[in-house]
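The structure appears right after this line, and notes come after that.
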């Protein structure tokens with residue numbers, strides 16, 4: 001029985017008893033997740049997986065909001081609020097609780113409106129601090145000012161995961177020492193639950209997976225090596241070791257930033273990443289309901305296989 005059918009059934013039954021109860025939107029989604037898991041078997045996209053040692057539990061797929069992102073806009077925000085909201089709500093109704101944002105994408109205020117009314121503890125927010133000084137960005141040199149603004153833009157008391165965005169050099173812990181220190185302080189206060197970085201060069205990735213400060217690493221991975229930081233087999237070794245050491249790995253560029261477009265290419269990449277246990281979860285950006293549904297179907301198929 002589907003979530004909506006169950007709601008109507010309960011409403012009709014309780015109305016007959018003189019009481020009408022309308023189940024909250026997020027409760028219906030939870031029922032749908034349970035039914036999906038039962039239908040698919042032991043693993044599915046809506047499963048909650050724990051990110052390393054953080055204690056944070058997320059769906060296997062995060063909703064990316066940064067396709068062709070820059071200057072505080074992206075393909076997702078360019079859809080406009082109504083379509084952005086429709087997309088995020090569709091994801092939530094299909095069991096996704098993980099939402100990947102960044103200051104660079106300008107997606108915070110869109111997400112605040114899109115998820116309005118859903119209990120905060122039903123969602124996991126990931127965002128990223130842009131570190132480069134270029135209009136319209138004027139970094140504080142730390143993290144407190146940025147995170148405080150993120151909180152206001154999202155309407156939340158805390159950020160689940162806060163990353164340094166787009167690292168490319170091996171010495172980033174020294175270069176951004178103040179940012180690391182302030183994020184650590186915010187983590188101690190519970191304003192941020194986990195910290196880490198997104199990497200866009202192999203040297204930065206190797207530092208990230210070895211450095212004790214890092215909880216979560218957002219890394220580029222697919223079976224072809226498209227838009228990645230090295231050959232897949234070499235990057236895979238780094239990611240496997242990081243996971244074995246307790247780091248959480250989130251995969252990005254699973255479809256090679258739009259270069260792997262054929263159905264068999266998408267399936268091959270998903271199978272490569274999931275069969276080799278290279279990531280805890282992955283983020284994929286979509287701009288339509290059809291793309292989202294296709295991703296969910298493909299990931300469920302790969303997990304079931």
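When the helices of the chain are scored as -39500 (n - 2.57) per DSSP H run of n ≥ 4 and the total is divided over every residue, the value at 222 nm lands at -13000 deg cm²/dmol.
Going by Cα centres, the stretch 103-126 and the stretch 171-231 are how many Å apart? Cα centroid of the stretch 103-126 versus Cα centroid of the stretch 171-231: 22 Å apart.
Counted by neighbouring Cβ atoms within 10 Å, the residues 217, 124 run from fewest to most as 124, 217. Once divided by 2.2 N^0.38 Å, the Cα radius of gyration of the stretch 151-220 becomes 1.10. Cβ crowding within 10 Å, taken as a proxy for footprinting-reagent exposure, orders 134, 288 from fewest neighbours to most as 134, 288. Summary of the geometry: the stretch 130-166 and the stretch 55-99, compared by the centres of their Cα atoms, lie 18 Å apart. Taken over the alpha carbons of the stretch 167-305 as equal point scatterers, the Debye sum produces base-10 log I(q)/I(0) values at 0.09, 0.11, 0.22 Å⁻¹ of -0.29, -0.43, -1.28.
Once the Cα atoms are used to define both axes, helix 3-16 deviates from the longest principal axis of the chain by about 40 degrees. Share of pairwise Cα-Cα distances greater than 28 Å in the chain is 37 percent (whole percent).
Stokes-Einstein diffusion of the stretch 69-110 at 20 °C, 1.002 mPa s viscosity, Kirkwood radius from Cα pairs, rounded to a whole number: 203 µm²/s. For the chain, the longest principal axis of the alpha carbon atoms and the long axis of helix 289-304 meet at an angle near 80°.
Where does helix 144-154 land angle-wise versus the long Cα axis of the chain, in degrees 0 to 90, nearest 10? It works out to around 20 degrees. Extension gain for the segment residue 213 to residue 122, taken as residue separation times 0.36 nm less the Cα-Cα distance, is 30.1 nm to one decimal.
All of the numbers you see were taken from the coordinates with simple rules; none came from a lab. As the structure is a prediction and not an experimental result, all values here were calculated from the model. So basically every Cβ, Gly included, is an ideal-geometry build from the backbone, and we count neighbours across all protein chains shown.
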